[in-house]
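Notes follow the structure.
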Amino acid sequence: MIANQWQAHRGTAAAGPRGGAGWDPARGLRRAVVPALGLALALGLESGCQPAASKTAPASAKPAGPSKVTGGVKESDLAKLELTEQAEQRDGILTVEVKRQRVPRAVSYPGDVMVPPDRLLSVASPFLGTVEAPPGGSVPRAGTQVQQGQPIFVVKPILSPEARATLAPLLKEADGQVKAAQEQLKIMQTALDRAENAVHKEKLLPEAALIDAKANYEVAQTTLRNAEERRNEIRSIAGDPNAGSGMTTLTFRAPVKGVLQALQAQVGQPVPAGAVLFTVAELDPIWIKVPVYVGDLERLATDKPAGIGSLAAPPGVDVKLAQPVPAPPAGDPVAMTVFLYYEVENRDHAFRPGQRVGVTLPLRGDETSLVVPRSALIRDALGGTWVYENIAPQTYTRRRVFVDRVVGDLAALISGPKAGAKVVSQGAAELYGAEFGGQK
């Protein structure tokens, strides 16, 4: 169709004289082609020969909007629990007011459990000899609990007359240990007498003070007995002419109650003079070493107790108080940290050397925060923290809170119910179960 129109237009243009109106030798072809193309397009549109319409939506068309959300519930419109008076009494529901008060500030650091330097005791043989098991028993394995004075090794000395003469200083040292143990026993006897008088006659101390005094007295008795036995054994070796043939032995006992940390000798092994036989670690109390960034040191209250707990436990939960202890200054220049040391009671041996623990260090000064009892907090499956607010008589609703820190029995909040609002301090778990169908 376009070709036919082009031929018609070409014939008309050829009939006109050259140089006539509209003729341009240089641009004649262009002037002829452009009108022809315009005419062809016009005819094509009229005859239906136009190309297929594009399927692309117009630019002005708006995309489909999101699905409509209905029935959305805000956290401020959570379900309300209405209890009867009997249900409140049955569940033991108690409420307290949210308060705004000054609470100490704290920061959490990881720490390492370590044996105190003065409680890792090594026992060495003062002379050449052969190691044997204690009579009527066996050598305990490393890692077992040992009692103070428990026999660990027996050494048969191999002494020449010259070696026997070197025992004189050792005998003097043993005499001094006996005298020190005797004085300590006198002090413990005096403390026991005072405790008995204060508990039974004057009624000034609880019964637990008397129990502690008796325990200290018994420990002093054991220490004196062990010191006397060691002095007598050294004295017999030094004065026995048959000691060189192995007729006299020396028993080496655990110096303290603790864990047998290592055995450096075996039964039947000859050991030289000064050789370490075994090492005992006293694990109660124990130390916590805390590496602290040097930039935080100035804002820490290093003279106050710290809280020691599990790394996985929330701050302030199941912690033991640890007292700061003096130690030689030390640090790590690569990590830009200095070390702080704390001593914590470890009667149940919950802390082991090398264990990683969480340490809550107090900061200088305090600040005002919203506080609720720690017992008021409820945690959901995703780790969110909530409290139940008493919004009307016998009516409760769950409120989300953000906890900044836990100090003792109080939880300091970043956000939560306003001061003066009443929250459930006892029975929050029962309300949580009732809300989600766990209680009827």
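The values are calculated or read from the model by the stated rules, or taken from the named source; none is laboratory data. Keep in mind that this is a model prediction, so the values were computed, not measured. Backbone-built Cβ (ideal geometry, glycine too); neighbour counts: all protein chains shown.
Given the conditions (1) at pLDDT below 90; (2) exposed (fewer than 15 other Cβ atoms within 10 Å of the Cβ); (3) of a type in the set (Gly, Ala, Ser), and given that Gly309 satisfies all but one, which numbered condition is not satisfied?
The single condition Gly309 does not satisfy is (2).
Just the residues that are within 15 Å of Lys80 (Cβ to Cβ), crowded, with 19+ Cβ neighbours inside 10 Å and of a type outside the set (A, V, I, L, M), please, taken from region 418-433.
Within region 418-433, Tyr432 is the sole residue that qualifies.
Test each condition in (1) surrounded by 15 or more Cβ atoms within 10 Å (Cβ to Cβ); (2) among the small types (Gly, Ala, Ser); (3) in contact with a strand residue (DSSP E or B) (Cβ under 7 Å, 6 or more places away or on another chain) for Ala87 and report the one that comes out false.
Ala87 satisfies every listed condition except (3).
Within region 351-361, which residues are at pLDDT 90 or above and either among the small types (Gly, Ala, Ser) or not in a loop (DSSP other than H, G, I, E, B) (or both)?
So in region 351-361, the residues at pLDDT 90 or above come out as 351-359, 361.
Gly354, Arg356, Val357, Gly358, Val359, Leu361 - these are the residues of region 351-361 that are at pLDDT 90 or above and either among the small types (Gly, Ala, Ser) or not in a loop (DSSP other than H, G, I, E, B) (or both).
With the requirement that a residue be farther than 21 Å from Pro285 by Cβ and either buried (at least 17 other Cβ atoms within 10 Å of the Cβ) or of a type outside the set (Ser, Thr, Tyr) (or both), what does region 136-149 give you?
Gly136, Gly137, Val139, Pro140, Arg141, Ala142
Among (1) assigned to a helix (DSSP H, G or I); (2) charged (D, E, K, R); (3) not assigned by TED's automatic domain parsing to the domain that holds Ser310, which single condition is Arg90 missing?
Against the list (1) assigned to a helix (DSSP H, G or I); (2) charged (D, E, K, R); (3) not assigned by TED's automatic domain parsing to the domain that holds Ser310, Arg90 comes up short only on (3).
Looking only at region 362-388, count how many residues are part of a strand (DSSP E or B) and more than 30 Å from Met114 (Cα to Cα).
Total meeting the criteria: 14.
Say whether the condition of being assigned by TED's automatic domain parsing to the domain that holds Arg374, over 30 Å from Leu377 (Cα atoms), of a type outside the set (Ser, Thr, Tyr) and not in a loop (DSSP other than H, G, I, E, B) is met by at least one residue in region 303-320.
The answer is no; no qualifying residue exists.
Please state which one of Val334, Val267 is assigned to a loop (DSSP other than H, G, I, E, B), of a type in the set (A, V, I, L, M) and in contact with an Asp or Glu (Cβ under 9 Å, 6 or more places away or on another chain).
Just one listed residue meets the conditions, Val267.
Report yes if some residue within region 126-135 is modelled with pLDDT under 90, surrounded by fewer than 17 Cβ atoms within 10 Å (Cβ to Cβ), in the same structural domain as Phe252 (by TED's automatic domain parsing) and within 30 Å of Pro255 (Cβ to Cβ); otherwise report no.
Yes, because at least one residue in region 126-135 is modelled with pLDDT under 90, surrounded by fewer than 17 Cβ atoms within 10 Å (Cβ to Cβ), in the same structural domain as Phe252 (by TED's automatic domain parsing) and within 30 Å of Pro255 (Cβ to Cβ).
Scan region 225-253 for residues that are aliphatic (A, V, I, L, M) and modelled with pLDDT of 70 or more and report the count. Before the answer, list the steps.
We begin by selecting, within region 225-253, every residue aliphatic (A, V, I, L, M); these are 227, 234, 237-238, 243, 247, 250.
If we keep only those that are modelled with pLDDT of 70 or more as well, we get 227, 234, 250.
Counting residues in region 225-253 that are aliphatic (A, V, I, L, M) and modelled with pLDDT of 70 or more gives 3.
Scan region 389-440 for residues that are in a helix (DSSP H, G or I) and touching a residue at least 40 places away in the same chain (Cβ under 8 Å) and jot them down.
Ala428, Ala429, Glu430, Leu431, Tyr432, Ala434, Glu435
Go over the candidates Val357, Val344, Val334, Val338 one by one and state the one that is loosely packed, with under 12 Cβ neighbours inside 10 Å and of a type in the set (A, V, I, L, M).
It is Val334.
For (1) touching a Pro at 6+ places or on another chain (Cβ under 8 Å); (2) assigned by TED's automatic domain parsing to the domain that holds Leu300; (3) among the hydrophobic types (A, V, I, L, M, F, W, C), each residue gets a yes or a no:
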| site | (1), (2), (3) |
| --- | --- |
| Ala350 | no, yes, yes |
| Arg356 | yes, yes, no |
| Val387 | yes, yes, yes |
| Ala411 | yes, yes, yes |
| Ala429 | no, yes, yes |
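Please work out which one of (1) surrounded by 19 or more Cβ atoms within 10 Å (Cβ to Cβ); (2) not in a loop (DSSP other than H, G, I, E, B) is the condition Leu283 fails and give its number.
It fails just one condition, (2).
Within region 265-294, how many residues turn out to be under 23 Å from the mean Cα position of the chain (by Cα) and either closer than 30 Å to Phe127 by Cα or without any contact (Cβ under 8 Å) to a residue 12 or more places away in the chain (or both)?
In the first step, residues of region 265-294 are kept if they are under 23 Å from the mean Cα position of the chain (by Cα); the result is 283-294.
Okay, now just the ones that are also either closer than 30 Å to Phe127 by Cα or without any contact (Cβ under 8 Å) to a residue 12 or more places away in the chain (or both), so 283.
Counting residues in region 265-294 that are under 23 Å from the mean Cα position of the chain (by Cα) and either closer than 30 Å to Phe127 by Cα or without any contact (Cβ under 8 Å) to a residue 12 or more places away in the chain (or both) gives 1.
Given the criteria part of a strand (DSSP E or B), surrounded by fewer than 16 Cβ atoms within 10 Å (Cβ to Cβ) and under 33 Å from the mean Cα position of the chain (by Cα), does Arg102 qualify?
yes
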